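Contents: one structure, followed by commentary.
The values are calculated or read from the model by the stated rules, or taken from the named source; none is laboratory data. Keep in mind it's a predicted model, so treat the numbers as computed, not measured. Here the Cβ positions follow ideal geometry from the backbone for every residue, glycine too, while neighbour counts run over all protein chains shown.
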Amino acid sequence: MLRSTVFVFMAICMLSCNGKRVLGDSYNFEDSWKIHDTVVFKIPNLDTLQRYNVILNLRNTNDYKFNNIFLIASIKFPHGKTIVDTLEYKMAAPDGNWLGEGIGNVKDNRLLYKENVTFNENGEYTLNVTYAVRNNGETDGVKDLEGITDVGYSIEKVTQQ
């Protein structure tokens, strides 16, 4: 409960500091991210003329055992089209230090997913996120991904420079 409260407080602080953020949401895992747990976010109707950046937000702890993460993200359009992307993000520097922001054991990572895009169909979009992580030398993926405590997204307006 305390961790959820802290996360909500941090999200409110981030909202108040970033005037470009249009919307976002996050999901908290109780123990670990299970291989079959697809995180699903509904994205409401957005301005079809505005350009946006879509950010994936991951929170990790020292229990995360890898220096990178592979994510499978898909966006389903209101009229049925789906775009699927396999993404790799670095989570740690070569010296082993986490790349995210934060103090101590918990790091928040803002990972650029889509840049300068429009949501040109009216209606609700669906963003799905799952992981594809495996140990070196193994063909099966990790069943319980420990150390990722939250997955979320944010959509930010692209401002003209």
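Just a few scattered comments:
- Which listed residue is closer than 20 Å to GLU156 by Cα, modelled with pLDDT under 95 and either in a strand (DSSP E or B) or of a type outside the set (D, E, K, R) (or both), from ASN53, ASN45, ASN57: ASN45
- Of all residues making up the range 139-161, the number that are farther than 20 Å from ASN68 by Cα and part of a loop (DSSP other than H, G, I, E, B): 4
Let's see how each residue does on (1) closer than 22 Å to ARG21 by Cβ; (2) not hydroxyl-bearing (Ser, Thr, Tyr):
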site: LEU71; (1), (2): yes, yes
site: LYS90; (1), (2): no, yes
site: ASP95; (1), (2): no, yes
site: GLY104; (1), (2): no, yes
site: THR126; (1), (2): yes, no
site: ALA132; (1), (2): no, yes
site: THR139; (1), (2): no, no
site: VAL142; (1), (2): no, yes
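- Subset tally (residues that are part of a strand (DSSP E or B), surrounded by fewer than 16 Cβ atoms within 10 Å (Cβ to Cβ) and under 13 Å from the mean Cα position of the chain (by Cα)) for the range 26-42: 3
- Those strands (runs of 3 or more DSSP E) lying entirely in the range 75-138 with at least 3 residues more than 20 Å from ASP37 (Cα to Cα) and touching a strand residue (DSSP E or B) at 6+ places or on another chain (Cβ under 7 Å): 107-117
- In the range 93-146, the residues that are touching a Lys or Arg at 6+ places or on another chain (Cβ under 9 Å), over 28 Å from THR82 (Cα atoms), exposed (fewer than 15 other Cβ atoms within 10 Å of the Cβ) and of a type in the set (D, E, K, R): GLU101
- Meets criteria (surrounded by 13 or more Cβ atoms within 10 Å (Cβ to Cβ), of a type in the set (Val, Ile, Thr) and within 19 Å of VAL151 (Cβ to Cβ)) for THR61: yes
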